[in-house]
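The values are calculated or read from the model by the stated rules, or taken from the named source; none is laboratory data. None of these values were measured; they are calculated from a predicted model. Because the Cβ atoms are built from the backbone with ideal geometry, glycine has one as well, and the counts that use them run over all protein chains shown.
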Amino acid sequence: MTATEPLEKSASAVVPLGQPLLEVRDLHVGFPSQDGMVMALDGVSMTLMPGGTVAVVGESGSGKSTMAHAIINLLPGSGLITGGQVLFDGRDLTAMSRTEIESVRGRGIGFVPQDPMSNLNPVWSVGFQMEEAVRANGVATGRKNVKREATKALELAGLKDAEKRLKQFPHQFSGGMRQRVLIGMGLAARPKLLIADEPTSALDVTVQKVILDHLETMTKDSGTALLFITHDLGLAAERAEQLVVMYRGRIVESGPSEEILANPRHPYTQRLVAAAPSLASRRIQASHAKAKVEGTEPSLAAREVLKTTPRATRKTAPGVDGTPAIAVDNLTKVFRIRGGRGESKYLKAVDDVSFTVERGTTMALVGESGSGKSTVAKLLLQLEDSTSGNIAIAGQDTAGLGRRALFELRSTMQPVFQDPYGSLDPLRNIRHTIAEPLVIHKAGDQEFRRQRVTELLEQVALPANLATRYPGELSGGQRQRVAVARALALKPEIVILDEAVSALDVLVQGQILSLLAELQAELGLTYLFITHDLAVVRMIADRVCVMRQGQIVEAATVDEVFDNPKTEYTRELLAAIPGAKLKLTA
Amino acid sequence: MSSETEPTPRVTPGTRREIPHFVAASTSEESFGIDAVRVTERRSNLWLDAWRDLKGRPLFWISSTMIVALIFVALFPWLFTDTPPNNECFLSNSNGPTTAGHPLGFTKQGCDIYSRLLYGASTSLAVGFIVITLTTFLGVVFGAFSGFYGGWVDSVLSRLGDIFFSIPYILAAVVIMSVLSQYRSVWSISLAIGLFAWPATARVLRSEIFRVKNADFVMASTALGMSRFKILLKHVLPNSIAPVIVITTLSLAGAIVAEASLSFLGVGMGSDIMSWGNDINQAQTYLRTAPLTLIYPSAALFIAVFAFISLGELVRDALDPKARAQR
Amino acid sequence: MTLYILRRVLQAVPVFFGTTLLIYFMVFVMPGDPIIALFGDKSPNPAVIEQLRAQYHLDQPFFVQYFLYIGGLFRGDFGVSFSGEAINSILQRTFPVTARLAVLALGFLTVAGILVGLVSGLRKGKFFDNSSLGVSLVLISLPIFVTAFVAQYVFGVWLGWSRTTVGSGAPVQDLILPAIVLATASFAQVMRLTRSSTLETMNQDFVRTAYSKGLSRRRVIPVHILRNSLIPSVTYLATDFGVLLVGATITEGIFNVPGVGNTLYQAIIRGEGPTVVSFVTVMVLLYLGVNLLIDLLYGLLDPRIRYVK
């Protein structure tokens, strides 16, 4: 990559009033590799006034976290600042000695990291780690004072009975509680600037909202400036007065939040605003009406599969009789957990759940972690046995199915899972992966399978020459397309999408969602779309079931749920969608 | 908690100031297709990456050349010497120095050291390869079943493995060989070592399978109707075999050391079979008077062990993306 | 924590019985009559043989013999050696020597291994790291008897700094060389392990967070990096203890240290089967005990284990 380009020079925004607290000037960060220096930041400049708030938005790999780390000189591994300055209170942090920068961290600049699970040392108690922060920054001295300050900081961060919990270890805290501890640590020495690097992206939306609200109050009260890093444009706009949009190590647009949202000027920002699920309000329409008419007719290729398959039992033209694709009645799943002293505890993961999904439609199952939504998916897919209740797939009751019948049933219903890194066998190439369903179900000969793979790759908009590649060579979005292609190989009627787009960047996510909508229109697919993200639901689903602690608390059409939620919990979820309250003139 | 505030765009009180709206000139890069496929990127999977890493490391070439040479010598020792190792020993040559045709001199019994070393390689490598065949077979069967099926299968197999693991395999082999003193051969020694050395392999594979078996691609195959056993063979084992390869290479070195130790202790090879351990045992009394007779077989043993251990360590690094990143 | 201890101890029970049964079984099914072997080349009187058989319960079925033997173990009776001395009294005489040697070796290998490994990890790719990696590879590849002879030759014969064998009473200064020999290979393993776990810990998120709190390097390295890197090294020591036991046997034999290992060594080279089995049993029990102990220590090191119900 080239170094500084002239246009980046003009990037340093000139702020007319006062002395800036933080000024990043033409910052370059590189990671040495075999092929030379890979630039993670390529001339980034930005300014933050005392007490101000800036949100840096970008997708993964945009360099937003690298910038946060570069500011406090804590780049991972071999990362190097290769050019530019970071002026904090007028002093250049990049030119400081190790001891000097150590005295700025904590006292001058606090830091709240991304993942609450990995950012506390598992072998030390929470109190120990908090006291460490208090002592290192000279907030207090003497055992008693340090302890009192640590307790106070934790209480301020919203940790109830902080004094009692000092002795506990991180693994005894929930994710939200750990994040509170980390926020408490970041603010322990009352810094002038707090850098929060995706502080809540690992948490449930409702917890996220509570914690961000609290963080906002705390920084506001103390006049701490906030540099907020996030991938979520809605969240950024809601939480900061100023937005900085990054793309591939550069700033493409920055300015007042409302203005950028209302009037994005850079093409990349325009796409980002358009794709942000929290701001979109319409279902993706991929000639949906057309699908209703001819969707149930198997396509030419599907008929070919049927011809070459030995299985003549397959029901042609499903859905004529109007039975729902999925009908679930009083489904319950109880897990036995080995308790403390040999006794067993029972956990009702799915509690008396009933719903139906009509053919050719999308049903979204929404819930936070632990709501049992993924267990429902596993029960449907017959990956777990239910404790009680009925599941009917395409009118066929799955209870007491024989091996053979179950095997047949599996070809009518296929899953796509969340993790694009785990859902494909890393040691098999794409052709093998996509052809695997055909092999298992003995559909067609070698040549037919080859053709089918090509056809499927085309359907998910991937080039045919990808067939000989391995999953490690593809991006997350591409892997998820391959997973979709594999799911479609046997021409199933139902696809169960278990958080299938949750791990992807917004733009890629939007792209996959459109692809799914198109495929649904083309092939008449029925989707069960499982997600924690209510915002995405609006873009893809027809009906929604909201789950909480194993139960369905609300089931209705998407419009009803969004416009007129019946239960308190749904209202809470809706309110927690980042950017939900932003008034947009879009 | 004061958390129920309405989220409104935050404005710093008092100092309402203009924030300039900056827009970078758009380049062609940003109008690139989202998530565009670039198929020119170099190919990569676990084995390719490992190979790419290995072939750039000199120690890999050194150790593998040594191993190839050792195997060649072990298979065809007579190609390198005309002197038989055992039955052309003359006491007149006892501890004799280097002479023409006998580059390393003679042992106490007057046997040609060079020839004994060459023939000793056969014994060491034979034991090594028989042992790893045995340990890998037992280890993979035990490890795969206990890791993949879990539950009581795992409990039973793991406990069984613990029992064998609790007797250090050289001690176990000492017990077996001291009772089997009439049946000393490459086979009995290999059996004695291998019978107690497999739990290490089983443990490594078991924990690796625990990691792999919950991957989404395994679930996807289950949802396709693939049988459990086929999933184990086609998806789980190939993805968990890398550490087994590493431990196999290392245990080959371990087996060579074990054989030499047993022979050194006098419960290994009979005196009619060439073994470096035997030679070291014979020569130890002459540490002061004829140190070379001790040094040569020790060096041969060291070289063989070093070659396999270096290879094992390098392969370990190469197969572990995390370790690769650490360098 | 009590629950963790209880479970760990309970787990050790079947392993204890399994191991002793296995050893006993090996001896039982192996060809050769121990009584006849006792007499060597002489052919004894059949009546004497019968009497001895009854005395050692060899006329009883296998499991009866086994349980009699286990009962003996619990009473601290490990049997009688080839020369007729009770194994127990041999142990009383030799164990203190071996314990001294083991403490020296363990102390050396843990302190040096962890220290060198830590520094190596912190200076990844520098001269110190590269050279200690290279040296450790060589040390791992040296079979212990080779190391012992090299040490004997270099320090005893060549430099003349120490005696090649240990004097009577096994004074500590005589044990230093054998202890270092015994520790060498394990030292290299611990060093490599500590190095790689240091590298791994260094890149953990919580280390960055520790720095971001304003902590100095001098605090982060011992408290957050070293402390966490210890866990895999301690686990390794547990499994490595078996190797150390074998190593002690050979080292004590070569240096003529009057310890437990040397007794076993002498029994092996003289082909005294029953004594070998008795001492192997002692060592295996020791190994089980140490493993149990280290697992409990592991619970202290890692609170995630301690507080699992």
A careful count of residues in region B:235-269 that are more than 20 Å from the chain's Cα centre (by Cα) and not aliphatic (A, V, I, L, M) gives 5
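So in region A:379-391, with the set limited to residues that are without any contact (Cβ under 8 Å) to a residue 60 or more places away in the chain and crowded, with 22+ Cβ neighbours inside 10 Å, which one is nearest to the other protein chains (Cβ to nearest Cβ)? First the steps, then the outcome.
Our first condition is that a residue be without any contact (Cβ under 8 Å) to a residue 60 or more places away in the chain; within region A:379-391, this holds for A:379, A:382-388.
Now restrict to residues that are crowded, with 22+ Cβ neighbours inside 10 Å: A:379, A:386.
Details: A:Leu379: 12, A:Ser386: 16 Å.
By that ranking, first place goes to A:Leu379.
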From (1) free of Cβ contacts under 8 Å to residues at least 60 places away in the same chain; (2) among the hydrophobic types (A, V, I, L, M, F, W, C); (3) under 29 Å from B:Ala260 (Cα atoms), pick out the condition that doesn't hold for C:Ile87. (1)
Region A:538-553, residues that are touching a helix residue (DSSP H, G or I) at 6+ places or on another chain (Cβ under 8 Å), at pLDDT 90 or above and either under 22 Å from A:Leu516 (Cβ atoms) or surrounded by fewer than 20 Cβ atoms within 10 Å (Cβ to Cβ) (or both): A:Ala541, A:Asp542, A:Arg543, A:Val544, A:Val546, A:Met547, A:Val553
Identify, by number, the condition in (1) touching a residue at least 60 places away in the same chain (Cβ under 8 Å); (2) facing chain B (nearest Cβ under 10 Å); (3) under 29 Å from the mean Cα position of the chain (by Cα) that A:Glu436 doesn't meet. (1)
Expected output for region C:259-270 (first residue assigned to a helix (DSSP H, G or I), partner crowded, with 24+ Cβ neighbours inside 10 Å and among the charged types (D, E, K, R), Cβ below 7 Å, 6+ apart or cross-chain) is C:Gly261/C:Glu252; C:Asn262/C:Glu252; C:Tyr265/C:Glu252
Would you check if there is a residue in region A:2-14 being touching a Gly at 6+ places or on another chain (Cβ under 7 Å), modelled with pLDDT of 90 or more and not hydrophobic (A, V, I, L, M, F, W, C)? no
Hits in region B:162-187 (condition: in a helix (DSSP H, G or I), of a type outside the set (A, V, I, L, M, F, W, C) and crowded, with 20+ Cβ neighbours inside 10 Å): B:Tyr169, B:Ser178
Taking the stated definitions as given, is A:Glu163 acidic (Asp, Glu), within 14 Å of chain C (Cβ to nearest Cβ), over 28 Å from A:Gly367 (Cβ atoms) and assigned to a helix (DSSP H, G or I)? no
Residues satisfying the stated conditions in region A:439-449, i.e. buried (at least 16 other Cβ atoms within 10 Å of the Cβ) and in contact (Cβ under 8 Å) with a residue 12 or more places away in the chain: A:His441, A:Ala443, A:Gly444, A:Phe448, A:Arg449
May I ask you to say which residue of B:Arg211, B:Arg203 is surrounded by fewer than 24 Cβ atoms within 10 Å (Cβ to Cβ), under 21 Å from the mean Cα position of the chain (by Cα), over 26 Å from B:Ala121 (Cβ atoms) and within 14 Å of chain C (Cβ to nearest Cβ)? B:Arg203
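Which one of these is crowded, with 20+ Cβ neighbours inside 10 Å, in contact (Cβ under 8 Å) with a residue 40 or more places away in the chain and more than 18 Å from the chain's Cα centre (by Cα): B:Ser298, B:Ser275?
Sole residue among the options that is crowded, with 20+ Cβ neighbours inside 10 Å, in contact (Cβ under 8 Å) with a residue 40 or more places away in the chain and more than 18 Å from the chain's Cα centre (by Cα): B:Ser275.
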Of the residues in region B:253-272, those that are more than 9 Å from chain C (Cβ to nearest Cβ), crowded, with 24+ Cβ neighbours inside 10 Å and of a type outside the set (A, V, I, L, M) come to B:Gly254, B:Glu259, B:Ser263, B:Gly268
Look through A:Ala274, A:Ala236 and report the one residue that is assigned to a helix (DSSP H, G or I), of a type in the set (A, V, I, L, M, F, W, C), more than 10 Å from every other protein chain (Cβ to nearest Cβ) and buried (at least 24 other Cβ atoms within 10 Å of the Cβ). A:Ala236
Report the residue count in region C:110-166 for those that are in contact (Cβ under 8 Å) with a residue 40 or more places away in the chain and of a type outside the set (A, V, I, L, M, F, W, C). 12
Just to verify a result, which residue in region C:30-60, among those that are at pLDDT 70 or above and among the β-branched types (Val, Ile, Thr), is surrounded by the fewest Cβ atoms within 10 Å (Cβ to Cβ)? C:Val48
Between B:Val23, B:Val11, which is within 30 Å of A:Gln242 (Cβ to Cβ), modelled with pLDDT of 60 or more and at the interface with another protein chain (Cβ under 7 Å from one of its Cβ atoms)? B:Val23
Checking the condition at pLDDT 90 or above and more than 13 Å from chain B (Cβ to nearest Cβ), which residue from A:Ala196, A:Ala202 passes? A:Ala196
Sole miss for A:Asp42 among (1) surrounded by 17 or more Cβ atoms within 10 Å (Cβ to Cβ); (2) away from chain B (no Cβ under 14 Å); (3) farther than 19 Å from A:Leu226 by Cα is condition (2)
Restricting to region B:279-294, count the residues that are more than 8 Å from chain C (Cβ to nearest Cβ), among the aliphatic types (A, V, I, L, M) and crowded, with 20+ Cβ neighbours inside 10 Å. 1
If I filter region B:153-161 for residues that are more than 14 Å from chain C (Cβ to nearest Cβ), at pLDDT 90 or above and part of a helix (DSSP H, G or I), do I get at least one hit? yes
Has region A:241-255 got any residue that is assigned to a helix (DSSP H, G or I), within 11 Å of chain B (Cβ to nearest Cβ) and among the polar types (S, T, N, Q)? no
